[in-house]
1. Quick one: is I157 assigned to a helix (DSSP H, G or I), within 30 Å of M111 (Cβ to Cβ) and within 14 Å of the chain's Cα centre (by Cα)?
2. What strands (runs of 3 or more DSSP E) completely inside region 216-310 contain at least 1 residues that are within 16 Å of L194 (Cα to Cα), in contact with a Phe, Trp or Tyr (Cβ under 6 Å, 6 or more places away or on another chain) and not charged (D, E, K, R)?
3. When you go through V210, V221, V201 one by one, which is the residue that is over 25 Å from the mean Cα position of the chain (by Cα) and of a type outside the set (D, E)?
4. Does S206 satisfy the condition of being among the hydroxyl-bearing types (S, T, Y), part of a loop (DSSP other than H, G, I, E, B) and crowded, with 19+ Cβ neighbours inside 10 Å?
5. Looking at (1) of a type in the set (V, I, T); (2) over 32 Å from the mean Cα position of the chain (by Cα); (3) over 30 Å from P118 (Cα atoms), which is the one condition that is false for I61?
6. Suppose we keep only residues that are open to solvent by 10 Å² or more (accessible area, probe 1.4 Å) and either of a type in the set (D, E) or under 25 Å from I19 (Cβ atoms) (or both) within region 140-152. Which one would you say is farthest from the chain's Cα centre (by Cα)?
7. Limited to region 118-138, what total is found for residues that are within 14 Å of V166 (Cα to Cα) and either open to solvent by less than 10 Å² (accessible area, probe 1.4 Å) or outside any strand (DSSP E or B) (or both)?
8. Just wondering, is there one or more residues in region 87-94 that are modelled with pLDDT of 95 or more, within 24 Å of I167 (Cβ to Cβ) and hydroxyl-bearing (S, T, Y)?
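The values are calculated or read from the model by the stated rules, or taken from the named source; none is laboratory data. What you see is a predicted model, and the numbers here were worked out from it, not measured in a lab. Glycine also receives a Cβ, built like all others from the backbone with ideal geometry; neighbour counts cover every protein chain displayed. The protein model used for the area step is the full one, side chains on, heavy atoms only, and it has no ligands, DNA or RNA in it. Shrake-Rupley method; radii C 1.70, N 1.55, O 1.52, S 1.80 Å.
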Amino acid sequence: MKPVYMINGFLESGKTEFICFTLAQQYFQVRGKTLLILCEEGENEYDPILLKKTRTEIELIDKEEDFNPAHLTDLEKLHKPERIIIEYNGMWNYKNAKLPWYWKIEQQITMIDGSTFPMYYTNMRSLLAEMIRKSEMIIFNRCDTVREQLNAYKRNIKAVNASADVIFEDANGEIDEIFEEDLPYDLKQDTIVLDNEGYGVWYLDSMEHVERYVGKKLQFVAMVLKPENFPKGYFVPGRMAMTCCADDMAFLGYACEYEGAETLQQKEWVKVTATVSKEYWKDYNGEGPILHAVSVEKTKAPKEEVISFT
C-alpha cells in the first residue's frame, strides 16, 4: 500500500503553509522520496531548498479530469516515492476523487481560513461538506478576529463529521479554547458535581469564562488552604495538580467566603457546596471567580489526592 496524505481546502486556506511546516518536521524527514501533487497553484510557493532537503518532487495537475487513477499511477511510476502528499483543489468535488486502488489514505486534513469560513459555508456548503466528511482533522487558521464565532464554527463541523478533531489557530498558534459542549459536566444541573477531571476543567475554564458559572452552584471535594494574611471569613478550597511531571505541582483553587473559615484546619479535606460570583480580588489584580459557601463538610481524602493534566 502506498501511504497518501490528503490536504483539502479552498484557495488561500493555508494548505501550502501547512504542508511546508509538515515537510520541515524531523518526524516527516524519513528515507525515500515524497511526491507532492498540487491540484492548484496558490500565491505561496514551495521553497526549492526545502524541497531538495526533504527529497520532495512536485507535480501539478490543474485539470480535474486529469486527477484519475491512470494518471496518478503514471506519476508514481515516474518518481517512485515512498509517500504521497496531495494538495487538493477545494473547487473540485471531493466525492469524485478517485485514487489508484493500492493507495491508502493515511490521514486527511481540511484547512479552513476562519475569517472566510461563513462565506464558504453559506455559498459552497456541499463542496465543503464533502471535504470535511472524511477528514480526521479540521484546522481553522487566521482566527484572530473571529474568536467569538468559534463555538458556532465547531458546531457546524461536528454536524457534518462528529468524530473529527477541530483545531483553531491564531497568529500565536493553537487556541487553547474549551467549548461549553466539551465540558465533562452539565451547566444546566441544579448543582454541578465536579469529580477529579471536572474540577481541573472547571478551574481552567473559569479563568477564561467565569460568566458561565456566575450564579451556579458547585459541589466538590477539596483540600483546605489558609494563606497567611488572608481576609477573615475566607479560605481556599482546592486540589494539588500535576501539569506535566511530579516536579511540576501546583495548588488550584479560588477564594471562598465561609463564615466558619476560622474553624477549618490547614490541609484537611472538605466537601464544599458553593455558588460562584465574579468579584474584584487583590490577588487576581482584578475581577475573577469567588466562591460563596453554602456548606462545608469534613470528609475523607479522595482515592486520588492529586489530579493530573498530563
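1. In short, yes.
2. Answer list for region 216-310: 217-225, 234-242, 249-253, 269-281, 286-298.
3. One residue alone meets the criteria, V221.
4. no
5. (3)
6. Out of the qualifying residues, it is T145.
7. Qualifying residue count, region 118-138: 7.
8. Yes: region 87-94 contains one or more residues that are modelled with pLDDT of 95 or more, within 24 Å of I167 (Cβ to Cβ) and hydroxyl-bearing (S, T, Y).
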